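Enquirer: Got a structure for you, questions after.
The values are calculated or read from the model by the stated rules, or taken from the named source; none is laboratory data. Keep in mind that this is a model prediction, so the values were computed, not measured. Virtual Cβ from ideal backbone geometry, glycine too; neighbours counted across all protein chains shown.
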């Protein structure tokens, strides 16, 4: 276990244990006082604590050739901690803010040697006005699309597969060291980010198939711009909500980009190494509104179109919280081990999501709600002969709003193999079923 990581965790926990004064007027979803200590009577300076934990119970049909501890397996059932986060926000003045966050990710049966509490975020922000603020450090501040920065109040069990598709390649748990400028001008908000991506040490360049380069990385430039037709959204954190459960009336149109010069490379027919830029562009539309506030019903919808250019025939296969340890190359599909599937590549990706809350089950306390949702991701990638289509359907039980919820999700994914002409075609489809419990504190 990493001693420095343990120290970070102990510091955050000790800060919470000595925390004594909370603001009684503000209540969280549990109807308890929020974990905020105000430093002045105007409530413009404060220290606040927040965090969450996500527990998964899962059954997965594994990709062909999957191994768990060198034993061939076609399916797996497991318990895991998908994410654990502890966050402190310190605002010593009206203009200055500091954010420190630690946690761990993907603690599963294969993570015995890597279960550690890590420093995730550490950045400072200075706000000149609502129109412009500047920040720097390690964080998830970045552009491209609404869900690129990671999870917040997801409508389904987790983020769509494409959203954080560079995770572990050019970033660390969706985080980079960088600087950003952001602001809100009336109904319009923006963020512009320049960051140092991490080097993805993969393989030597291949013929006509782009991979991440081992060379020194260039800067990662990204941005996201959004117009709010109805209620404005909070931009105090990098995360965008997947649903407000009827608490806001939101219709927003967004567009973004992400660019890294010479992020990729490949070989031409003469075995010359060619460098390729990573160029990603996206547009999305988000709608979330109450239907009947007295009953608690609401609707949430999201649509996204993205064009990705990573170089020729690039496809990235990723398995979130993968239950497999390796794969038998003689039996493997193109997907690789476990629950891996194509999540991004050179080409176009489209995503739609629809859901909402049903009437309160406890009408007197206005509590306990069911929240069904469905989604589909379609990726038309140059490196795949058949389109990659991923389906999700789920239902959540909101026990204390979004702060305590139980979600069941069924996901169906494609499995790719090479046909006699070496085209990547869908040869099978596999299921994954996840029962997730998430609890937030703030």
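Enquirer: What residue, among those in the stretch 383-406 that are in a loop (DSSP other than H, G, I, E, B) and touching a residue at least 60 places away in the same chain (Cβ under 8 Å), is farthest from residue 209 (Cα to Cα)? It would help to see each step written out before you state the result.
Expert: Within the stretch 383-406, the first condition is being in a loop (DSSP other than H, G, I, E, B), and the residues that meet it are 383-387, 399, 401, 403.
Narrowing the set further to residues that are touching a residue at least 60 places away in the same chain (Cβ under 8 Å) leaves 383-384, 401, 403.
On the way: 383: 8, 384: 12, 401: 46, 403: 44 Å.
Checked the stretch 383-406; the qualifying residue farthest from residue 209 (Cα to Cα) is 401.
Enquirer: Here's something else I'd like to know. Sort out which residues of the stretch 407-421 are in contact (Cβ under 8 Å) with a residue 24 or more places away in the chain and surrounded by fewer than 14 Cβ atoms within 10 Å (Cβ to Cβ), and write them in order of number.
Expert: Residues satisfying the conditions are 418, 419.
Enquirer: Across the stretch 88-97, which residue is surrounded by the fewest Cβ atoms within 10 Å (Cβ to Cβ) among those that are in a strand (DSSP E or B) and over 22 Å from the mean Cα position of the chain (by Cα)? Can you show your working first?
Expert: Of the stretch 88-97, the ones in a strand (DSSP E or B) are 88-91, 96-97.
Now restrict to residues that are over 22 Å from the mean Cα position of the chain (by Cα): 90-91, 96-97.
Working: 90: 16, 91: 20, 96: 13, 97: 20.
By that ranking, first place goes to 96.
Enquirer: A follow-up question, please. Output the number of residues of the stretch 265-284 satisfying the condition of being within 25 Å of residue 191 (Cα to Cα) and crowded, with 16+ Cβ neighbours inside 10 Å.
Expert: Residues that pass the stated criteria total 6.
Enquirer: Please determine whether any residue of the stretch 380-402 is modelled with pLDDT under 95, within 19 Å of residue 244 (Cβ to Cβ) and under 21 Å from the mean Cα position of the chain (by Cα).
Expert: Checked against the condition, which is being modelled with pLDDT under 95, within 19 Å of residue 244 (Cβ to Cβ) and under 21 Å from the mean Cα position of the chain (by Cα), the stretch 380-402 yields at least one hit.
Enquirer: Filtering the stretch 217-251 down to residues that are touching a residue at least 60 places away in the same chain (Cβ under 8 Å) and closer than 19 Å to residue 293 by Cβ, which residue is surrounded by the fewest Cβ atoms within 10 Å (Cβ to Cβ)?
Expert: Among those residues, the one meeting the criterion is 244.
Enquirer: Check the stretch 358-377 and report whether any residue there is surrounded by 15 or more Cβ atoms within 10 Å (Cβ to Cβ), closer than 23 Å to residue 145 by Cα and more than 20 Å from the chain's Cα centre (by Cα).
Expert: No, the stretch 358-377 contains no residue that is surrounded by 15 or more Cβ atoms within 10 Å (Cβ to Cβ), closer than 23 Å to residue 145 by Cα and more than 20 Å from the chain's Cα centre (by Cα).
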